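J.: There's a structure below that I have some questions on.
The values are calculated or read from the model by the stated rules, or taken from the named source; none is laboratory data. None of these values were measured; they are calculated from a predicted model. Methodologically, a virtual Cβ is constructed for each residue, glycine included, from the backbone with ideal geometry; neighbour enumeration extends over all protein chains shown. Calculation scope for accessible area: heavy atoms of the full protein, side chains included, ligands and nucleic acids excluded. Shrake-Rupley method; radii C 1.70, N 1.55, O 1.52, S 1.80 Å.
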Amino acid sequence: AGWVSNGRAGVLIEVEGAPAAVEAFATRIHDEPPPLAVIYSIVRNWVEPLGARQFVIRASDEAGPARALLLPDVAICPECLAEIQQAGNRRYGYPFTNCTNCGPRFSIIEALPYDRPRTTMRAFDLCPACRAEYENPADRRFHAQPTACPECGPELELAGRPDGDVARNLARGDAALAAAAEALRSGRIVAVKGLGGFHLMVDAANHAAVSRLRSRKGREEKPFAL
């Protein structure tokens, strides 16, 4: 029994129980962390038991100096990749699929401690299905702050100025992805707005397109990422 809480300096956990159980808990925290967890240090102190009867997740503690490290963005995990490739899955084809084992972190964090209200995902309210996953300790999306689905999360959108000077939305969802790919094939420059900024793309085998990008960006010689 006890509680756990995020803090600006890291994670704070208080547990009580039989001595052997408490020792086993401390050992497993060190030896069996979640896939993305990185433990830099563990400080243990003994306190008087309070007679707790359950284990709870407390609200994050915003006091004190911020010493916790900002987490990096992580490439999609095999489980999420399988979901977006599985026809009939509610996240089939959804490009922003993630869980506690993958997805954005650094790019969406606005303040510590790391909770959804302190990220750019706060604008997207979880749908009932995502909320159930988020609140289920047995689910791999338990407290996954960027979690989303086609019903409640961000979506792809293609904008451009094909007919004049006024930019407008051209397509959404899968149609936006297909249209962007076709634009690249036809020699256009596509600016992909990601979580951390813009990524300029052209067909690397199209000399005219690459030259146009070099001219517009003022980057005549320095290599581009491929």
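J.: Cβ contacts < 8 Å: first residue on the phi < 0 side of the Ramachandran plot and modelled with pLDDT of 95 or more, restricted to the range 182-194; second residue part of a loop (DSSP other than H, G, I, E, B) and open to solvent by 50 Å² or more (accessible area, probe 1.4 Å), any location; separation 6+ or different chain. Result?
T.: LEU184/ASP203; ARG185/ASP203
J.: Yes or no: the range 79-102 includes at least one residue that is open to solvent by less than 30 Å² (accessible area, probe 1.4 Å), in contact with a strand residue (DSSP E or B) (Cβ under 6 Å, 6 or more places away or on another chain), in a helix (DSSP H, G or I) and not aliphatic (A, V, I, L, M).
T.: Yes - at least one qualifying residue is present in the range 79-102.
J.: Next question, about the same structure. Kindly provide the set of residues from the range 1-11 that are over 17 Å from PRO49 (Cβ atoms), without any contact (Cβ under 8 Å) to a residue 60 or more places away in the chain and part of a strand (DSSP E or B), ordered by number. It would help to see each step written out before you state the result.
T.: Of the residues in the range 1-11, the ones over 17 Å from PRO49 (Cβ atoms) are 5-11.
Going one step further and asking which of them are without any contact (Cβ under 8 Å) to a residue 60 or more places away in the chain, we end up with 5, 9-11.
Residues satisfying the conditions are SER5, GLY10, VAL11.
J.: Please verify whether ASN136 is in contact with a Gly (Cβ under 7 Å, 6 or more places away or on another chain) and either farther than 30 Å from VAL56 by Cα or open to solvent by 40 Å² or more (accessible area, probe 1.4 Å) (or both), treating the condition exactly as stated. So that I can check it myself, show each step before the final result.
T.: Details: in contact with a Gly (Cβ under 7 Å, 6 or more places away or on another chain): no; either farther than 30 Å from VAL56 by Cα or open to solvent by 40 Å² or more (accessible area, probe 1.4 Å) (or both): yes.
No: the conditions fail for ASN136.
J.: May I ask you to say which residue of LEU70, LEU50 is in a loop (DSSP other than H, G, I, E, B), more than 15 Å from the chain's Cα centre (by Cα) and not hydroxyl-bearing (Ser, Thr, Tyr)?
T.: Only one candidate passes the filter, namely LEU50.
J.: Kindly provide the set of residues from the range 152-209 that are open to solvent by 90 Å² or more (accessible area, probe 1.4 Å) and among the hydrophobic types (A, V, I, L, M, F, W, C), ordered by number.
T.: VAL166, LEU177, LEU195, PHE198, ALA205
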